[in-house]
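These notes concern the structure reproduced below.
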Ligand code: SF4
C-alpha cells in the first residue's frame, strides 16, 4: 500500500455555535482532509456530531472558486437567469456552472480588486456613503468581522453593515441588551448539569446543536427535569419531564400564564426582584388576567400543564433557560425573549450555578461577529454608533470622521436596494438569495444594484448577481478566533492550502480598503485581534497567545491564571438593575385563511447547514440527506388525500415550491415544516418578510400556506 503523508491540525468545527474542538488529519500531498477526531474542548469533551465528523470535504470540492471573476458586458440581465422554482439539483449544479460561469471572465487579482475599489468609490462620490452597504458573515472569524465592519464604517463611510444575526437571534439580543445591558449568555451549556430544571423552548438541539444536546440529555439522565416547549416535537422531548406542544406564534400567552401562576402562588424570589430588577409591577399588572385557562384558549397547551410547568420552575432551586430560533424568528421575537427574561429574574434564576439565560447561537461565530460590530447600530462590544463619546473614540482610533446614523439592517438593505437607495454592496460569505425571506423580493433588490462584489468560496446563488466575484479561503484554510455560544473564544488553525489563487479574506478586506485610499495593514490576524480587543471591555485581556489551544471564556480577568467566567452577572448586571418589560400577546403578522389554511415553519436538519453551500457539497452529508421534504401531520394529509413520499406543491401568498411530503406526528395538525437548505425547493420563496419591530428579525417561523398534490 502507498503511504500517505499526513499532518494533524488542532482546530474547530466550522459549523454550529457549540464550537467543538477537533483535530483534522490532512493528506498533505492531495491537500484534503482525511478524517476528523473530536478534541477535549471546553464545549465538547471529545464529542462531535455528524457534521463535525464528516462534513469537511466541501473544502476540497472541485467547484471551489480559484480565480477572480468579472461579469461580461453582454451577460444575462441580473436576476433574469431562471426562476428559483425551476432550478434543478444541488448547489453547484447546472444553474451556476453551465449557465452562470460563461457570463464571467477570469481576471487578475490586480484588475478585480481595482474594479471593486473604483466602483465603490464611484458610488460613494455620486450618491453618498449611505448608498453603499455590506453583509459580513458569522462563518468568518472575529478578525474578519472586525475588519469588515471597519471597512464599511471607516472607508465606505456608512453604518449599513449587518450579518445573519439579523435572521437568527437579533430579537434575543434586543431583549437581553434592553434588560441586562449585555446580550451574552449568562451560563455555559454544560452548566445544565447543575440545574434542577431546564426549560428548552423553541429549540431543537438534537438537530441544531447536537453536541450540546448530548450534555443536556446527560443532565436529564442524572436528574435535571426538562420542560420542552415547541410546536414541532423535537427529539429531546423524549427526555422531558413535561412536553408542552404549543400553537405557533403564541409563546407570549404561555409564558405570561406561567408568570401569572408564579406570582399568584408566590413562587417569587422577592430579594432578587427587590435588589436586582426594576419593572416588576408592570409585568405583574400585564399578566394579572392571563390565567392558564385564558392562555390555553390561545396557545393550545392544557391549563393543567401550564400550572405544572410554572410550579416546576417556581419551586426549583436552580433553573436554566435555553431557547432557539423557534421563538426568536417571530414578528414578536423580542417579546418572547422579554418573557423568558422575566421568568428567570422573578424566580432569581440568573447568576448562579445551574441557572441562567442561554439563547443557543446558530453559526460557529455569530456571537463573535456580533461582538466585533457586524451590526448597524453598534461598534464592537455593542457601543452605540449614535453615542457622541463612542463616535469620538472610534474617530480618534480609526483616524476618519464616522457617521452617527445607525445603519440599515439586512432586510432594510434589501428593501433599500429595491428602491434604488442602496446602489452598491459588498457581500462576504452570505447567500441572501436563499437565506432571506421572500426571495423574489431579494432578487429584485440584488438585481437593482449598480454594483455588487461577492467574496465567497463557491459560486453561490447570490454570486450570480455579482459584477465581481472574489475567491476566498474556507474555514479550513485560515487562522483566526471564533466565539461560541458559551462566550468561549477559541482559535481556528489552517489545515489546508487555499485552492488556486484563492486568498485570505482578511487580506482582501485590507487591500480593498487601501485601494480606496484608507491605510489598513496588519502583519497577521493576531495583530487584528489585538486592535479589536483593545476597543472592547469583553475581550480586553485576551490575545491569540493567551487563548492558546483551549481558548478562554470572556470576560477573563487574567488569561494567565484563569479560564474565564463560565457564569456571569452573579452580583450585578452591566446596566444596573435588570429591566423587566411587560408584554401582551400579539398574533403573528399574517394568519391562515381558507386559501392558505396551514402554518409553515422553516428550520434546519441535522445533516445540513443553512443554504447548503458547504454541506450539500459534502459527500457523506449529502448522501444522508439528499432531498427536501415537507413534514405534514397525518391528520392533515388524510384530509388532503396526500400520502407519505408523494410530490406536493406548497404555496404561500408569495410563491410556490414542489417537494416530497413526509408524514410526521412531530408537527401539530394545522402546521407544516420545511428545511431551509434546498434551493430547488427554496423555503424562502414562501416566507413572510415582516419583521419584529425591535430586533428587525423576520418571522421565518410563521407564514400561511396551502399544500396540494403536485
Ligand atoms: Fe460542529 Fe456543532 Fe456538530 Fe459540534 S455540534 S461537531 S460544532 S456542528
Checking 645, 612 in turn, the sole residue that is crowded, with 20+ Cβ neighbours inside 10 Å, in a loop (DSSP other than H, G, I, E, B) and on the phi > 0 side of the Ramachandran plot turns out to be 612
Scanning region 1-27 for residues that are under 20 Å from residue 483 (Cβ atoms) and at pLDDT below 95 gives none
> Do we have any residue at all in region 495-503 that's under 26 Å from residue 381 (Cα atoms), crowded, with 23+ Cβ neighbours inside 10 Å and touching a strand residue (DSSP E or B) at 6+ places or on another chain (Cβ under 6 Å)?
Replying inline: no
Note on residue 30: of the conditions (1) modelled with pLDDT of 85 or more; (2) farther than 22 Å from residue 610 by Cα; (3) more than 12 Å from the ligand (Cβ to nearest atom); (4) outside any loop (DSSP other than H, G, I, E, B), unmet is (4)
Residues of region 1-27 being within 11 Å of the ligand (Cβ to nearest atom) and more than 20 Å from the chain's Cα centre (by Cα), in sequence order, are 22
Considering only region 251-273, I want to know if a residue exists there that is surrounded by 22 or more Cβ atoms within 10 Å (Cβ to Cβ), within 16 Å of the ligand (Cβ to nearest atom) and closer than 21 Å to residue 604 by Cα. no
Per the list (1) surrounded by fewer than 20 Cβ atoms within 10 Å (Cβ to Cβ); (2) more than 30 Å from residue 412 (Cα to Cα), residue check on residue 658 breaks on (2)
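Any chance region 59-78 includes a residue that's within 16 Å of the ligand (Cβ to nearest atom) and at pLDDT 95 or above? Walk me through how you get there before you give the answer.
Step one: list which residues in region 59-78 are within 16 Å of the ligand (Cβ to nearest atom), which gives 59.
Imposing the further condition that a residue be at pLDDT 95 or above reduces the set to 59.
Within region 59-78, one or more residues are within 16 Å of the ligand (Cβ to nearest atom) and at pLDDT 95 or above.
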Checklist entry - Does residue 508 count as touching a strand residue (DSSP E or B) at 6+ places or on another chain (Cβ under 9 Å) and closer than 25 Å to residue 42 by Cβ? => result no
Review point. Quick check: anything in region 461-479 modelled with pLDDT under 95, farther than 30 Å from residue 519 by Cα and not assigned by TED's automatic domain parsing to the domain that holds residue 678?
Key: yes
Taking region 206-234 and keeping residues in contact with a strand residue (DSSP E or B) (Cβ under 7 Å, 6 or more places away or on another chain) and within 16 Å of the ligand (Cβ to nearest atom) leaves 208, 209, 216, 234
Screening 282, 293, 271 for residues that are free of Cβ contacts under 8 Å to residues at least 40 places away in the same chain and in a helix (DSSP H, G or I) leaves only 293
_Any residue that is closer than 18 Å to residue 478 by Cα, within 16 Å of the ligand (Cβ to nearest atom) and either in the same structural domain as residue 607 (by TED's automatic domain parsing) or outside any strand (DSSP E or B) (or both) - is there at least one of those in region 35-54?_
yes
From the option list 570, 548, 564, single residue qualifying as touching a residue at least 24 places away in the same chain (Cβ under 8 Å) and in the same structural domain as residue 468 (by TED's automatic domain parsing) is 548
Going by the structure shown, is residue 378 under 25 Å from residue 410 (Cα atoms), away from the ligand (no atom under 16 Å from the Cβ) and surrounded by fewer than 21 Cβ atoms within 10 Å (Cβ to Cβ)? no
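The values are calculated or read from the model by the stated rules, or taken from the named source; none is laboratory data. Please read these numbers as outputs of a predicted model, since none were measured by experiment. A quick note on method: Cβ atoms are made from the backbone with ideal geometry, for glycine too, and the neighbour counts reach across all protein chains shown.
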